[in-house]
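The values are calculated or read from the model by the stated rules, or taken from the named source; none is laboratory data. These figures come from a predicted structure and were not determined experimentally. For neighbour counting, all protein chains shown are included, and Cβ atoms are generated from backbone atoms with ideal geometry for every residue, glycine included.
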Amino acid sequence: MSKATAFFLFIILLNFFSILIFDKYKSYDKSTVIIKPGMNLEEISEKLFSQKIIQNPNLFKIWVKISFSEKKLRYGEFIFEKSNSIYDVTKKLINGDVVFRKLTIIEGSYKYELLNILKEIDPQSSLEYHDVSDLIIADTYSYQVTDSAEKILSDIKKLSKDFSHKIWSERDTSIPLKSISEMFILASIVEKETAIKNEKPLISGVFYNRLKKNMRLQSDPTVIYSITQGKYRFKRKLTRKDLKFKSLHNTYVNKGLPPSIIGFPGKDSLLSTSLPKKSNLLYFVAKNEGGEHYFSSNYKQHLKNIKASKDEKK
């Protein structure tokens, strides 16, 4: 090869790499690109070109090929802002700099609600009600737009398992629970009884005191769940007749814990259930519209608290 030819090739390569690195596509709009699993290089390059992320799909393909990057390209949702060179775009796709979306399971929400959310994210999902575990913590979770509902649910279950096993191992071993499943059941009741963080350990302590004395838990939310089964929101006040509703979940009718959760508990409710506030308290009643409660250790005081509560609400 002559010096002139070598120099000519050097200039071509220099220009090529200059374009790759320094020639940025002057598009200053934010663009979101979804690279789906199974898309080949041709499809990816056309996708990037059509959304004005790159200005030369052929150069993009050549660079990916000669840099041995084709099998390193990741799928997912990517955001490109301002201007990007082919090198910038390739680096982002290789690094898997993907966008994570958020899925929030609201404290006390029901399994049907989570199933509906997953179906909205992935309409092709074959998930059914029985696939949704009781051992799920109400929290905010991250997922990719390309994730299936099954994968999202699996990730949620794993994170919930890791957290719940940790707090179960650190629990107050004097609490009368036999398993993590029972911890979730009682935590779900605590969750429904109060949204006030510092009351949760007190309320779980009340329930433990009642269990130890072989008293019924008499939790109103378990009655509501008995009636609705978590399929719809209960929009009226409970009646005396409701308290006698026959169901395994109704803790006015049955002693001990219900057979399953009555809603997804949050982390605070699980922690409060694993580490309750020790006291001699046996009763509580809502104090006002703010959600606070009166607590008492005997039924006579409890009746006075009920009257005070009614007077406050007039």
Is it fair to say Phe68 is on the phi > 0 side of the Ramachandran plot and either part of a loop (DSSP other than H, G, I, E, B) or crowded, with 18+ Cβ neighbours inside 10 Å (or both)?
-> yes
What about Leu135, is it more than 13 Å from the chain's Cα centre (by Cα), at pLDDT 95 or above and either in a loop (DSSP other than H, G, I, E, B) or of a type in the set (Lys, Arg) (or both)?
-> no
Residue list for segment 221-242, filter: over 12 Å from Gly263 (Cβ atoms) and under 22 Å from the mean Cα position of the chain (by Cα) | Lys231, Tyr232
Could you say whether any residue in segment 275-297 is of a type outside the set (A, V, I, L, M, F, W, C), out of contact with any Pro (no Cβ under 9 Å at 6 or more places or on another chain), surrounded by fewer than 17 Cβ atoms within 10 Å (Cβ to Cβ) and in a helix (DSSP H, G or I)?
-> no
State which residue is farthest from Tyr294 (Cα to Cα) when the search covers only segment 198-209 and only residues that are out of contact with any Leu (no Cβ under 6 Å at 6 or more places or on another chain) and in contact (Cβ under 8 Å) with a residue 12 or more places away in the chain.
-> Tyr208
Conditions (1) more than 17 Å from Thr146 (Cβ to Cβ); (2) out of contact with any Lys or Arg (no Cβ under 7 Å at 6 or more places or on another chain); (3) in contact (Cβ under 8 Å) with a residue 40 or more places away in the chain -> Ser69 fails only (3)
Flag if Ser142 is small (Gly, Ala, Ser) and under 30 Å from Leu48 (Cα atoms) = yes
Output the number of the condition that Pro176 fails; it satisfies all remaining conditions of (1) part of a loop (DSSP other than H, G, I, E, B); (2) closer than 18 Å to Ser133 by Cα.
-> (2)
Helices (runs of 4 or more DSSP H) completely within segment 179-235 that count 3 or more residues being under 16 Å from Ala286 (Cα atoms), in the same structural domain as Ala138 (by TED's automatic domain parsing) and among the hydroxyl-bearing types (Ser, Thr, Tyr) = none
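What number of residues within segment 138-168 are without any contact (Cβ under 8 Å) to a residue 60 or more places away in the chain, buried (at least 17 other Cβ atoms within 10 Å of the Cβ) and not in a loop (DSSP other than H, G, I, E, B)?
Selection size over segment 138-168: 7.
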Residue within segment 45-57 that is modelled with pLDDT of 90 or more, in contact with a strand residue (DSSP E or B) (Cβ under 9 Å, 6 or more places away or on another chain) and not assigned by TED's automatic domain parsing to the domain that holds Thr222 present | yes
Could you say which residue among Leu238, Leu243, Leu257 is part of a loop (DSSP other than H, G, I, E, B), in contact with a helix residue (DSSP H, G or I) (Cβ under 7 Å, 6 or more places away or on another chain) and more than 30 Å from Glu170 (Cα to Cα)?
-> Leu238
